[in-house]
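The values are calculated or read from the model by the stated rules, or taken from the named source; none is laboratory data. None of the values given here were measured: they were computed from a predicted structure. Neighbour counts run over all protein chains shown; Cβ positions are idealised from the backbone, glycine included.
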Amino acid sequence: MIERRPWLDLLAHLILLIGLIIVAFPLYIAFVASTQTAREVTSAPISLLPGTHFLENYAQVLFTGSSVQTTPVGNMLWVSFVIAMIISIGKISISMLSAFAVVYFRFPFRMLCFWMIFITLMLPVEVRISPTFEVVAGLGLTNSYAGLTLPLIASATATFLFRQFFLTIPDELVEAARIDGAGPIRFFKDILFPLSKTSIAALFVIQFTYGWNQYLWPLVMKTSEDMTPIVVGIKTMIGGGDSVTEWNLVMATALLAMIPPGLVVVLMQKWFVKGLVDSEK
Amino acid sequence: MEKRVVFNHKLLPYLLLAPQLLITVIFFFLPAGQAIWQSFFIESAFGGDQQFVGLDNYTALFNDSYYYDSFKVTFVFSIAVAVIGLSISLMLAVMADRVIKGAMLYKTMLIWPYAVAPAVVGVLWAFLFSPSVGTLAVYLTEMGLDWNPRLDATDAMILVTMAAVWKQISYNFLFFLAGLQSIPRSLIEAAAIDGASPARRFWTIVFPLLSPTTFFLLVINMVYAFFETFAIIDTTTQGGPGNSTNILVYNVYKTAFKSFDYGSSGAQSVILMFIVILLTIVQFRYVDRKVQY
């Protein structure tokens, strides 16, 4: 605080409150809608107070689905969870290894390998969607977790963060380790890995959210209903206009879809913010 | 930056790199190469024989007014998303940097949209502004506005822009806040002692020092609007009404999976690749030079 300016402080709080309302309002309305009956939701404008059908609506979507989408949302949540876990753990493991190789070794074609990995940063899966589909279909991986996750793991965001982090680790640590007779694997296991715990936590949050929120790739990829992640499934619940759509169930699903990544982000906020800001520097 | 001290090992580095290189080659280079390859062929609608047509797919695109419309829509959309999103987030970050009481609460609430999937964001906003049942749409109608994103092109564009901006506020906010906190307090204090008002200090010290962050976010937001908003478009307007929200990446998807024209879709992918590479080069050039006065 540089000087006391009570009016300016008041203005700051006012603007932040408006910001909070903008952010929270859609979420609040979703919650309100998810506690009402379908008829109450469609009789616009809906009441701004929660209704009495909270348990009923959530139980219905979780275990039986809606009338247009008969796959239970509980099943979709599981698919989303598996995808997000495979993507985050897979990405973190392979990127940590490759960043270790690029930073701590000198070998022929090092720069070529480096650029081959880093060029993937430029082209999101959305751009190469139809040829990626053909490749995955050619390998017979459609409708499997491998097909759903592997193309999304092929990206260098995590490798980039690990590389940046490894470069800040003092050289003295490697020297000391080598004098003590530790080989590269020992160094990785006993020094590098423990030091990287914060980066790993940050990356986990970023990659879990990324994996959970994937839409286009699973949409193109999945052929059977029991492989539908929740983010794709929610779209299929909106069908045929406002009269048929059970908006109360859709909103319950929307809340269920945002709670797991939301909790991961909020609970791991400290690491996440650090990791996010560092990774893009 | 390079390490001075390294390990000597002939085989190990390749083994460490193998998993990532393998996945990158199979799921990145192969498809990217195939997109380029495909873009020189036309395929008959029932599969089977391919016919080499050279650059015909590209010339067809550039003679297609439909594709030009999609370009125009993408640029209007991405600039609107970037400018509106950055302005709101910068204002919030400056205010959050100032307050002491409740700073943590504001931050925790404001990062929530980061976790919400674009598809879910689309569903939320489609519901809020649905002309017949939407809570906010009802108020708009009561105020005498003729709101209908399903029929009116401008309304549809406003809807997808609002949803896309809402989703991105958290990300921009976090970067601006980190940028603001890295500005040395002494500079601002010195200006305050010289009698510069808060507004003057912001425009002459804070804003210029923040320019690398702003520029970085500008590029990131453009890329976001170009690609990651696919789900928002698909859950709200599906590119309509007409072509009014049919952004380039949505058109790639429609061409491949609705019209099954893989040649044209490949050519569009290649054009998009060039746009992203261009944006990335611009970003590296300027961010490295540290945009500052």
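Could you list, in sequence order, all residues of the range A:1-44 that are assigned to a helix (DSSP H, G or I), more than 31 Å from the chain's Cα centre (by Cα) and at the interface with chain B (Cβ under 7 Å from one of its Cβ atoms)?
Applying the first criterion (assigned to a helix (DSSP H, G or I)) to the range A:1-44 yields A:6-34, A:38-42.
Okay, now just the ones that are also more than 31 Å from the chain's Cα centre (by Cα), so A:6-12, A:14, A:39-40, A:42.
Selection gives A:Leu8, A:Asp9, A:Ala12, A:Thr42.
Checking B:Phe27, B:Phe71 one by one, the residue that is at pLDDT below 90, more than 7 Å from every other protein chain (Cβ to nearest Cβ) and assigned to a helix (DSSP H, G or I) is B:Phe71 and no other. Candidates A:Ser47, A:Ser95: the one that is within 13 Å of chain B (Cβ to nearest Cβ), in contact with a helix residue (DSSP H, G or I) (Cβ under 8 Å, 6 or more places away or on another chain) and not in a helix (DSSP H, G or I) is A:Ser47. Considering the conditions (1) of a type in the set (Phe, Trp, Tyr); (2) closer than 26 Å to B:Ile233 by Cα; (3) surrounded by fewer than 21 Cβ atoms within 10 Å (Cβ to Cβ), B:Phe129 is excluded by exactly one of them, (3). Any residue at all in the range B:171-182 that's over 26 Å from A:Val41 (Cβ atoms) and surrounded by fewer than 16 Cβ atoms within 10 Å (Cβ to Cβ)? Yes, because at least one residue in the range B:171-182 is over 26 Å from A:Val41 (Cβ atoms) and surrounded by fewer than 16 Cβ atoms within 10 Å (Cβ to Cβ).
The residues of the range A:1-23 that are among the aliphatic types (A, V, I, L, M), in contact with a helix residue (DSSP H, G or I) (Cβ under 8 Å, 6 or more places away or on another chain) and under 16 Å from B:Met104 (Cα atoms), listed by number, are A:Ala12, A:Ile15, A:Leu16, A:Leu20, A:Val23. Considering the range A:131-164, the residues that are of a type in the set (A, V, I, L, M) and outside any helix (DSSP H, G or I) include one that is nearest to the other protein chains (Cβ to nearest Cβ), namely A:Ala154.
If the requirement is being under 26 Å from B:Leu128 (Cβ atoms) and either surrounded by fewer than 17 Cβ atoms within 10 Å (Cβ to Cβ) or touching a helix residue (DSSP H, G or I) at 6+ places or on another chain (Cβ under 7 Å) (or both), which of these qualifies: B:Ala199, B:Ala231, B:Ala192? Outline the logic, then answer.
Values: B:Ala199 fails: under 26 Å from B:Leu128 (Cβ atoms); B:Ala192 fails: under 26 Å from B:Leu128 (Cβ atoms).
Testing whether each residue is under 26 Å from B:Leu128 (Cβ atoms) and either surrounded by fewer than 17 Cβ atoms within 10 Å (Cβ to Cβ) or touching a helix residue (DSSP H, G or I) at 6+ places or on another chain (Cβ under 7 Å) (or both) leaves just B:Ala231.
Would you say B:Lys10 is among the charged types (D, E, K, R), in contact with a helix residue (DSSP H, G or I) (Cβ under 8 Å, 6 or more places away or on another chain) and either under 30 Å from A:Phe165 (Cβ atoms) or within 7 Å of chain A (Cβ to nearest Cβ) (or both)?
Details: among the charged types (D, E, K, R): yes; in contact with a helix residue (DSSP H, G or I) (Cβ under 8 Å, 6 or more places away or on another chain): no; either under 30 Å from A:Phe165 (Cβ atoms) or within 7 Å of chain A (Cβ to nearest Cβ) (or both): yes.
Considered against the rule, which asks whether it is among the charged types (D, E, K, R), in contact with a helix residue (DSSP H, G or I) (Cβ under 8 Å, 6 or more places away or on another chain) and either under 30 Å from A:Phe165 (Cβ atoms) or within 7 Å of chain A (Cβ to nearest Cβ) (or both), B:Lys10 comes out as no.
Summed over the range B:219-244, the residues that are away from chain A (no Cβ under 12 Å), within 17 Å of B:Ile275 (Cβ to Cβ) and not aliphatic (A, V, I, L, M) give a count of 1.
Each residue in the range A:98-108 was checked for being outside any helix (DSSP H, G or I) and facing chain B (nearest Cβ under 9 Å), and 3 pass. Screening A:Leu123 against (1) facing chain B (nearest Cβ under 7 Å); (2) within 30 Å of B:Thr229 (Cα to Cα); (3) part of a helix (DSSP H, G or I) leaves a single unmet condition, (3). Of the helices (runs of 4 or more DSSP H) entirely within the range A:165-281, those holding at least 2 residues that are in contact (Cβ under 8 Å) with a residue 12 or more places away in the chain, facing chain B (nearest Cβ under 9 Å) and within 24 Å of A:Ser144 (Cα to Cα) occupy A:197-212, A:216-221, A:230-236, A:247-267.
If you check A:Gly233 against the conditions, is it farther than 27 Å from B:Leu218 by Cβ and under 20 Å from the mean Cα position of the chain (by Cα)?
yes
Could we say that B:Tyr253 is surrounded by 15 or more Cβ atoms within 10 Å (Cβ to Cβ), at pLDDT below 80 and either over 15 Å from the mean Cα position of the chain (by Cα) or among the acidic types (Asp, Glu) (or both) here? No.
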